[in-house]
Amino acid sequence: MKKENRILEVVLVAVAMAIIAAVTAFPFLHEGLYGYAPDYIYHMNRIEGVKEALLSGNYPVYVYSNFFGGKGYGSPMFYPDLFLIIPAIMRIMGVSILTTYKIFAVVVCLLATISTYVSLKVVSGDKFLSLSGTFLLMLSEFYLADLIFRAGYSSYISYIFLPILFAGIYDFFMRDGMKCYLIGIGLGGLVLCHIINSFIALLLTTAVFVVQLLTKKGREAFFEKKHLINLAVTAVITLLITGYYTFPMIEQMVSGVERVYQDPWAHVGEFVQPFETLFLPTGYFFNIAYVGVGIPILLLIGLFAKKVNDRMANFYFVLGILLLLAMTKIVPWEKLEGTVLNQLQFTFRLYPFALCALIFGMVLTGKETIQEKGRIWLLVYAVVMTTVFGIWQNKTALAETYGYFNEVNEDIIAQNSETVGRGEWLPVVYNDEELRERNIVRAEDNSEQELPYERYENKVGGSFEAEEAAFENYTVPQIYYKGYSAVLETSDGEKYNLSCREAFNGLTTIDMPSETIGKSGVISVSYSGTTLQKITLALSVLTVVTFVVLLIVLKVRKKGGQK
C-alpha cells in the first residue's frame, strides 16, 4: 500500500511540474522575449560575465570583465551569481544566449516547484494539500509577472528557498527542531542568489522569532536545549558557507565608493502599492507591482480564515495578510526613507513573502479542517483555477505592456554592456557618458599623456607600455573596486608591485613608487582580489568539503550498523 501511494505521489508531482512549467513558460515559445528589456539584457550579460570567468579559471568572479566595454563591473560582489554557473556552462557548450536564458528559467521554475511541494509536505504531511499550495504559489500572478514581465531572474531564483525557510521555522517551533537546517538552507540560499530578498528574509525571520518568544509555547520551544544547539550549529555552518560572499560584500560597502549605499536611486516611500492593486485579476510592473493576490487565492481566503489548534497555521495565515497590507500606505513608508529599509527600493519586494506565508497558513489550516475527499477537490480547484488565470495573466498583461522583442542575440547583448539599471554598484563619481569608448591610459592625473591599453581576454584588466616612466601615477580604463593590483616588469626583468586606488573619475589609478621612475617596461593591471576575499573563500570551501565528508562518514556508519 505504501509503495502504491509513493508511486501515485511521484506521478502527481511530475504532472504538477509539467503543468506549472507549461503555464509559466509558454511565452518563451516565441522567437524572442516578452518583458522589460533592460533587466533581461543585464541578466544575460551577467551570464556572459560568469562564462568568461569560468573560461579564464577565475571563478568566483568579483568583477565582470565584459561590462562597460571591458572597464568591468563589480556587480557579483553585491548581486551574487552562484546559480548562474548553470546557464554559463550552457553558453560554454555553445547554446545561444537567448535559448540559455529560456531553458534556465524553466529549470528554475521546476526547482521552485519541487522545493515548494517538499516544504509544504514537510509541514503538512499531505500530498493533496501540498500540491494545492504549490499550484497556488507557483502560478500566482506575482510569480508569473515577476519572471516573464519584469524579468526578475535572480529574484525568481530566490523563490526556490523561500518555502524552505518557512518549513524550517515551522519545524523549529512546532516539532523537535531536527529539521532546523532548513532555516540555514533557506537563508543561505537566499543570500547566494538575491541580496534584497535575503535582507527581507533575515528581518522577517528575526521578527518571527521575537513574536514567538513573546508566547509561552514559543519560549519553551526556543529555549529547549536541543533546539538551541541545532540553531547555533545551523547558524555557524550557514555563515561559514556563505562567508565568501557576505564578508567581501561588507568590505566593499565599507570602502564607500558605490552609489547605492550613498545615494540610492529608489526610495521605499516613493513607490508604495495602492491597496486596490491587491485585487487586480492580471498584472504588470512599473516600480509598483500592479498585480493582485490572485483570484484563485482570494476565493479561498474566507474558507481558511479560521482559528485551528496549530498555532503556526494561524500565525502564518495572519502574517501573510499583514504582509500584504504592509505593502500599502497603511505603513508610513515615506517616514522610513531615512532608514536601512530604504534598501528595499519597492514595497512589492514583500509580495512573495506574503504569498508564501499565506499559503503555508492555508495548507496547515486545511490539514485540520478538510477531510481527504475534500482535499482532492481542493487540488482539482487549484489546478483548474491557477492554470486558467495563469494563462490569462501571461497572455493579456504582457502583450499590453512592455511588449515583445524579437532581436535578442549575443551581439545585441554585448553592445548593451552598459545596461545596468541605475548603476547601483558603480563608484559615485563615475560618469559613463564622459568615459564611454575610451580605451587609453592617462598619465599624471588624467591630463599629461595617453598610452594604448591592451585588455586581457576573458579576464578583468590589461597591460600597457611605460617607457622611461616619469609620472607619479597612471589611470587605466578599469572601474575601481577595492582589490585591483598592478605589476611593473622592466626590460631588465625586474618586477615591482604597484598599489591601486580610486581616481577622481571613478577609474583605477596606479601609484608609482620613486624607485620605478625612469624605468621602462610593461605595467600589468588585474583584479587580484582582497585578502579578505581569499581567506573567506578558503573557509567556505573548507566548510563545504568538511560537511560533505562528515555526511558520507555518518551514512557509511549508519549502513554498517544496520548490517
Review point. In region 157-200, which residue that is more than 11 Å from the chain's Cα centre (by Cα) and of a type in the set (Ser, Thr, Tyr) is surrounded by the fewest Cβ atoms within 10 Å (Cβ to Cβ)?
Key: Tyr181
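Condition check ((1) without any contact (Cβ under 8 Å) to a residue 24 or more places away in the chain; (2) farther than 24 Å from Leu54 by Cα; (3) surrounded by 16 or more Cβ atoms within 10 Å (Cβ to Cβ)) across all residues:
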| residue | (1), (2), (3) |
| --- | --- |
| Arg455 | no, no, yes |
| Gly461 | no, no, yes |
| Ala466 | no, yes, yes |
| Glu489 | no, yes, no |
| Ser528 | no, no, yes |
| Thr536 | no, no, yes |
| Ser540 | no, no, yes |
| Val549 | yes, yes, no |
| Ile552 | yes, yes, no |
Practice item. Would you mind finding the one in Ala354, Ala305 that is at pLDDT 95 or above, more than 24 Å from Arg175 (Cβ to Cβ) and small (Gly, Ala, Ser)? Key: Ala354
Revision key, fill the gap. (1) surrounded by 23 or more Cβ atoms within 10 Å (Cβ to Cβ); (2) without any contact (Cβ under 8 Å) to a residue 40 or more places away in the chain all hold for Lys3 apart from (1)
Review point. From the residues in region 243-274 that are among the acidic types (Asp, Glu) and modelled with pLDDT under 65, which one is surrounded by the fewest Cβ atoms within 10 Å (Cβ to Cβ)?
Key: Asp263
Point to revise | Options Ala14, Ala53, Ala88, Ala18: the member that is assigned to a helix (DSSP H, G or I), surrounded by 21 or more Cβ atoms within 10 Å (Cβ to Cβ) and without any contact (Cβ under 8 Å) to a residue 60 or more places away in the chain | key: Ala88
Exercise for review: State whether the residues of region 149-159 include one that is among the basic types (Lys, Arg) and within 30 Å of Asn287 (Cβ to Cβ).
Suggested key: yes
Revision key, fill the gap. Residues in region 481-491 that are over 19 Å from Leu451 (Cα atoms) and touching a strand residue (DSSP E or B) at 6+ places or on another chain (Cβ under 8 Å) total 3
Point to revise | Only listed residue being farther than 26 Å from Gly423 by Cα and in contact with an Asp or Glu (Cβ under 8 Å, 6 or more places away or on another chain), chosen from Gly521, Gly462 | key: Gly521
Exercise for review: Please work out if Arg349 is within 30 Å of Val268 (Cβ to Cβ), charged (D, E, K, R) and in contact with a helix residue (DSSP H, G or I) (Cβ under 9 Å, 6 or more places away or on another chain).
Suggested key: yes
**Study point:** Verdict on Leu33 being over 19 Å from Ile157 (Cα atoms) and aliphatic (A, V, I, L, M)
**Key:** no
Review point. Given (1) buried (at least 17 other Cβ atoms within 10 Å of the Cβ); (2) in contact (Cβ under 8 Å) with a residue 60 or more places away in the chain, where does Asn416 come up short, assuming only one miss?
Key: (1)
Review point. Within region 341-383, which residues are part of a helix (DSSP H, G or I), of a type in the set (Phe, Trp, Tyr) and under 18 Å from the mean Cα position of the chain (by Cα)?
Key: Phe348, Tyr351, Phe353
Practice item. Please enumerate the residues belonging to region 368-388 that are surrounded by fewer than 19 Cβ atoms within 10 Å (Cβ to Cβ) and in contact (Cβ under 8 Å) with a residue 12 or more places away in the chain. Key: Glu368, Thr369, Glu372, Ile376, Tyr381, Thr387
Review point. Of Ile103, Ile148, Ile114, Ile97, which residue is under 15 Å from Val50 (Cα atoms), out of contact with any Cys (no Cβ under 7 Å at 6 or more places or on another chain) and not polar (S, T, N, Q)?
Key: Ile97
Check your understanding: Which is out of contact with any Phe, Trp or Tyr (no Cβ under 6 Å at 6 or more places or on another chain) and over 17 Å from Ala16 (Cβ atoms), of Ser119, Ser115, Ser132, Ser158?
Key -> Ser158
Check your understanding: Taking region 293-334 only, how many residues are buried (at least 22 other Cβ atoms within 10 Å of the Cβ), small (Gly, Ala, Ser) and assigned to a loop (DSSP other than H, G, I, E, B)?
Key -> 1
Practice item. Go through (1) closer than 22 Å to Tyr101 by Cβ; (2) surrounded by 24 or more Cβ atoms within 10 Å (Cβ to Cβ) one by one and return the number of the condition Ile114 breaks. Key: (2)
**Study point:** Candidates Phe104, Phe135, Phe83, filtered to the one that is buried (at least 24 other Cβ atoms within 10 Å of the Cβ), out of contact with any Asp or Glu (no Cβ under 9 Å at 6 or more places or on another chain) and touching a residue at least 12 places away in the same chain (Cβ under 8 Å)
**Key:** Phe135
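The values are calculated or read from the model by the stated rules, or taken from the named source; none is laboratory data. These numbers come from a predicted model, not from an experiment. Because the Cβ atoms are built from the backbone with ideal geometry, glycine has one as well, and the counts that use them run over all protein chains shown.
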